[in-house]
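Novice: Have a look at this one before I ask anything.
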Amino acid sequence: MMATIVSSNSHNGHPRLEYYNDGMNGPKHEVLHETTHGSIKMTRPCFDKTPYGIRRRMDKEYVYITFKFPKKLGLALTKVLYAEESDEMMSFLKTRKEETVWE
């Protein structure tokens, strides 16, 4: 669930939050590739109606690369794992370059 700030004029100085349902129309991201500590996700395709038909909004689609490492691993081990997994993700993106429209 996501929260939106409704008013900052509350009696204790904290903003009042109202929650709204997000993700009711299905997942917002499609997982393209996953590693042990990272993932590559793409936003769902977005379509608009135009007088000429339905058009895909490429400017509203993004690719996200995220890493999540536990803090208990230590900096040296995290850097080594990051280098290995980023190489794996870059090789995946290079193989997908021919199939995907890149700007």
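Just so you know, all these numbers are worked out from the coordinates, no wet-lab data involved. Quick caveat, the model's predicted, so the values are computed rather than measured. Because the Cβ atoms are built from the backbone with ideal geometry, glycine has one as well, and the counts that use them run over all protein chains shown.
Novice: Please list, ordered by chain and number, the residues whose modelled amide H lies under 5 Å from the amide H of His33; skip anything fewer than 5 residues away on the same chain.
Specialist: It is Ile40, by chain and number.
Novice: Shifting gears a bit: Place the peptides 46-52, 36-42 in order of packing, highest mean first, counting for every residue the other Cβ atoms within 10 Å and averaging per peptide.
Specialist: So the order, starting with the most tightly packed, is 36-42, 46-52.
Novice: If each residue of separation counts as 0.36 nm, what is the full-extension length gain between Glu88 and Leu75 once their alpha-carbon separation is subtracted?
Specialist: 2.7 nm
Novice: Shifting gears a bit: Can you run phi through the Karplus equation (6.51, -1.76, 1.60; θ = phi - 60°) for segment 58-74 and list ³J(HN,Hα) in whole Hz, with x for Gly and Pro?
Specialist: Taking θ as phi minus 60°, the curve returns 5, 6, 9, 9, 10, 10, 10, 10, 10, 10, 9, 10, x, 5, 6, 6, x Hz for segment 58-74.
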